[in-house]
Amino acid sequence: MSRTRGARRQGAYLVGLQLAGASAAPHDERSGGAAPAGLVQRAPAWDVQECLDELARLAESAGLRVAGRTWQRRRQPDPRTYLGAGKIESVADAAREAGAEVVLFDDELAPSQLRNVERILGDDLLAVDRTALILDVFARHARSSEGKLQVELAQLEYRLPRLTRLWTHLARQAGGRAGGGVGLRGPGETQIEVDRRQIRRRLGVLRARIEQLSRQRRHGRAQRHRAAGTMVALVGYTNAGKSSLMNRLTGADVYAADRLFATLDPTTRRIDLGSGRQVLLTDTVGFIQKLPHQLVAAFRATLEEVTEADLLLMVADASDPRHLQQQEAVKDVLAQIGAGDIPWMPIMNKIDLVEAGSPLRLGLEGAVAVSAVTGEGIEQLRAALRRRLAEGHVRVAFDVPYSKSALLGVVRAAGHIEHQEAGEDGYRVSAVVPRHLAAALRVGTAAALGLHRDPV
């Protein structure tokens, strides 16, 4: 997709598909059928118009203007052209009449489908599927070197099986017949193979570099975990206000904007919950329904921040009627990255946009309602976090030599010191600490930490 400069933006014509007879309830096979604790209300399936609304927002994030839309109901996608050749022809006519240059499909098209669709649309219309559009949005918003590497990796993995469509002009020169156009058929195939080798070589370089950065990230995360003890991660649908909530809770200056995928890079800050309790809070990339598997794989190193968390704050937009569907989409991605079993708390953000008598408030039961903009509910959220984290803590008593007194800061950051008494050789301490620290003490890590544990 070409980048537009200046005032005029390319027009996009949106195309969706409603599968006839699709189940209205989401499946329960995300994590072996076990649903995490939280909101128990089930979300209905996404309607085609809701999908196209979201596709329109993605198009706007990619710098396009929406010129029109259409959709078709089918039992299943057409294996050759997604909607059927006749429908694609009518889409081409409607797109030209609306002044569009790009036709956006709300699903990922197979390479053969994409080639057939392009042939029907003609040279004046560009066919772009949902995956390519999301990759373009990610490319626009990637700022860190790691984020740019991850986006490039996802783009190349997407493009590799679709490479042949770039050389169809050589195939036409060869006439598609054996022996026709001597010397023309070979060079076309040779160029494709050269490009494939170059892409595979670049993929190897990108994976190696990302793995190196992943090791560095794991090392830094382990150090932070040892220092703070408890890690909490913000997860949620894109544009739910996670970064704004991060700023409100920590006083950080994380970039936040009212658009999809405004931030891609994880940010970790210390948060004071009161009563001497501190934890580390991490903000990560937002999720979306039908998130391309290439992105999930490419961003796996970044999403490890989520898999290492002790608790997830599931942030949703309380003012969005689709927040239950969005929550299900987030759970699906969490299951994909191996975080489906991590405990989580439902957080409903943007409560200031929901009127007191609004039906949307019916879906807030069991969730902490907050406003990152006005600060409403923030202290209640801190209190809820303290109570929830205390559920995973145990009481321990141990001795800390004076030479190891810095470890008191580790214990204080990870939990809560109830009693501290100075003795001849060190401090006698009674504290409530996370279970993982207590477990480490039970298996003999006390010697390495300079701690000695006695049961209370």
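If you scan region 281-297, which residues turn out to be touching a residue at least 60 places away in the same chain (Cβ under 8 Å) and not hydrophobic (A, V, I, L, M, F, W, C)?
289, 290, 292, 294 - these are the residues of region 281-297 that are touching a residue at least 60 places away in the same chain (Cβ under 8 Å) and not hydrophobic (A, V, I, L, M, F, W, C).
Could you list, in sequence order, the residues of region 145-154 that are open to solvent by less than 50 Å² (accessible area, probe 1.4 Å) and of a type outside the set (Val, Ile, Thr)?
146, 147, 149, 150, 153, 154
Taking the stated definitions as given, is residue 321 outside any helix (DSSP H, G or I), in contact with a helix residue (DSSP H, G or I) (Cβ under 9 Å, 6 or more places away or on another chain), surrounded by fewer than 17 Cβ atoms within 10 Å (Cβ to Cβ) and in contact (Cβ under 8 Å) with a residue 24 or more places away in the chain?
yes
Out of all the residues in region 432-445, is one or more outside any helix (DSSP H, G or I), open to solvent by less than 60 Å² (accessible area, probe 1.4 Å) and at pLDDT 85 or above?
no
Would region 88-100 turn up any residue that is open to solvent by 10 Å² or more (accessible area, probe 1.4 Å), over 22 Å from residue 286 (Cα atoms), outside any helix (DSSP H, G or I) and not hydrophobic (A, V, I, L, M, F, W, C)?
Yes - at least one qualifying residue is present in region 88-100.
Filter region 103-144 down to the residues that are free of Cβ contacts under 8 Å to residues at least 60 places away in the same chain and polar (S, T, N, Q), then identify the one that is surrounded by the fewest Cβ atoms within 10 Å (Cβ to Cβ).
Only one residue tops the list, namely 112.
Mind checking which helices (runs of 4 or more DSSP H) fall wholly inside region 165-252 and carry at least 3 residues that are under 30 Å from residue 109 (Cα atoms), modelled with pLDDT under 85 and open to solvent by 20 Å² or more (accessible area, probe 1.4 Å)?
168-174, 185-228
Among the residues of region 395-422, which ones are part of a strand (DSSP E or B), surrounded by fewer than 17 Cβ atoms within 10 Å (Cβ to Cβ) and without any contact (Cβ under 8 Å) to a residue 60 or more places away in the chain?
397, 401, 418, 419, 420, 421, 422
Assuming residue 55 fulfils every condition listed in (1) free of Cβ contacts under 8 Å to residues at least 60 places away in the same chain; (2) outside any loop (DSSP other than H, G, I, E, B) apart from one, which condition is it?
(1)
List, please: which pairs have Cβ atoms under 8 Å, are six or more places apart or on different chains, and start with a residue in region 89-102 that is touching a residue at least 12 places away in the same chain (Cβ under 8 Å) and hydrophobic (A, V, I, L, M, F, W, C) and end with one that is assigned to a loop (DSSP other than H, G, I, E, B) and open to solvent by 50 Å² or more (accessible area, probe 1.4 Å)?
Going by the 8 Å Cβ cut-off, the qualifying pairs are 102/1.
Failed condition for residue 309, given (1) surrounded by 22 or more Cβ atoms within 10 Å (Cβ to Cβ); (2) within 14 Å of the chain's Cα centre (by Cα), with all others met?
For residue 309, the failing item is (2).
Restricting region 58-87 to residues that are open to solvent by less than 60 Å² (accessible area, probe 1.4 Å) and part of a loop (DSSP other than H, G, I, E, B), which is nearest to residue 136 (Cα to Cα)?
Filtering region 58-87 for residues that are open to solvent by less than 60 Å² (accessible area, probe 1.4 Å) and part of a loop (DSSP other than H, G, I, E, B), the one nearest to residue 136 (Cα to Cα) comes out as 62.
Does region 336-382 hold any residues that are of a type in the set (Ser, Thr, Tyr), surrounded by fewer than 21 Cβ atoms within 10 Å (Cβ to Cβ) and at pLDDT 90 or above, and which are they?
374
The values are calculated or read from the model by the stated rules, or taken from the named source; none is laboratory data. As the structure is a prediction and not an experimental result, all values here were calculated from the model. Because the Cβ atoms are built from the backbone with ideal geometry, glycine has one as well, and the counts that use them run over all protein chains shown. Calculation scope for accessible area: heavy atoms of the full protein, side chains included, ligands and nucleic acids excluded. Shrake-Rupley method; radii C 1.70, N 1.55, O 1.52, S 1.80 Å.
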